[in-house]
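The values are calculated or read from the model by the stated rules, or taken from the named source; none is laboratory data. Note that the structure is a prediction, hence the values are computed from the model and not measured. Cβ coordinates were reconstructed from backbone atoms using ideal geometry, including for glycine residues, and neighbour counts include every protein chain displayed.
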Amino acid sequence: MEKRKPQIGVMGSAADLNYATEIEDLAFAVGRIVAEKDGITVYGAEKDYDSLSTAAARGAKSMGGLTVGVTYGKGKDIWDKEGLTDVIVVTGIERGGGREFVLVNSCDAIIIISGGSGTLTEAAIAYQMNIPIVALTGTGGWADKLAGEHIDARKRLKVEAATTPEEAVSKALELARQKK
């Protein structure tokens, strides 16, 4: 019997945070490498604009990888101009915790890239659920703030720091294997 492919979540800033093209390129590389390593890229599918998570899905599709987009509200109308999402999970609930819970709970590990309040919510949910978190440093936002830290005094797990997309994916896959 074949083992289940690891489901690696990629969370990061939405386009309204005006991230740099270089950061988007790093997110693309993360998704590409997840696909090269035979993982599934799971991401928060936005409805109204692009995101670093969507860039990771583009990277995964560039290698023929499998992508799962978890969206909020009703309907499968997501920001997916290239047809890159293989599976759309429609939660029927809004942003701010509900959608993020479904998204994170679907992952074996998550990688955060930059990130605003949604990424912080996703990291906190992962922490509470003991789902490994890897932060791609040098990207700003919550990734830089949380890298190498525990989210609270319980010290359940440390947010692992990675300096390159390759290191981030390798750490996420290794942590996901250890967790099983």
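Here are a few things to note about the model shown:
- Some residue of segment 107-116 being modelled with pLDDT of 95 or more and among the charged types (D, E, K, R): yes
- Yes/no for Val70 being surrounded by fewer than 21 Cβ atoms within 10 Å (Cβ to Cβ), outside any helix (DSSP H, G or I) and in contact with a Leu (Cβ under 9 Å, 6 or more places away or on another chain): no
- When the criteria are applied in full, Ala123 meets the requirement of being buried (at least 18 other Cβ atoms within 10 Å of the Cβ), in contact (Cβ under 8 Å) with a residue 60 or more places away in the chain and of a type outside the set (S, T, N, Q).
- Looking only at segment 1-39, residues that are basic (Lys, Arg), touching a residue at least 24 places away in the same chain (Cβ under 8 Å) and not in a helix (DSSP H, G or I) come to 2 in all.
- Residue satisfying all of: in segment 96-117; surrounded by fewer than 18 Cβ atoms within 10 Å (Cβ to Cβ) and touching a helix residue (DSSP H, G or I) at 6+ places or on another chain (Cβ under 9 Å); nearest to Ile40 (Cα to Cα) among these: Asn105
- Just one residue in the set Arg99, Arg156, Arg177 is modelled with pLDDT under 95 and either of a type in the set (S, T, N, Q) or under 15 Å from the mean Cα position of the chain (by Cα) (or both); that residue is Arg99.
- Residues in segment 144-153 that are crowded, with 16+ Cβ neighbours inside 10 Å and assigned to a loop (DSSP other than H, G, I, E, B) were compared, and the one that is modelled with the lowest pLDDT is Ile151.
- Qualifying residue in segment 130-143 (condition: under 16 Å from the mean Cα position of the chain (by Cα), part of a helix (DSSP H, G or I), at positive phi and not aliphatic (A, V, I, L, M)): yes
- In segment 60-80, residue farthest from the chain's Cα centre (by Cα) [restricted to those that are farther than 11 Å from Gly39 by Cα and polar (S, T, N, Q)]: Ser62
- Which listed residue is over 16 Å from Asn105 (Cα atoms) and crowded, with 21+ Cβ neighbours inside 10 Å, from Val169, Val134: Val169
Conditions (1) assigned to a loop (DSSP other than H, G, I, E, B); (2) modelled with pLDDT of 95 or more, marked per residue:
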{"residue": "Lys47", "(1), (2)": "yes, no"}
{"residue": "Ala57", "(1), (2)": "no, yes"}
{"residue": "Lys61", "(1), (2)": "no, yes"}
{"residue": "Gly64", "(1), (2)": "yes, yes"}
{"residue": "Asp77", "(1), (2)": "yes, no"}
{"residue": "Glu82", "(1), (2)": "yes, no"}
{"residue": "Thr85", "(1), (2)": "yes, yes"}
{"residue": "Val89", "(1), (2)": "no, yes"}
{"residue": "Arg95", "(1), (2)": "yes, no"}
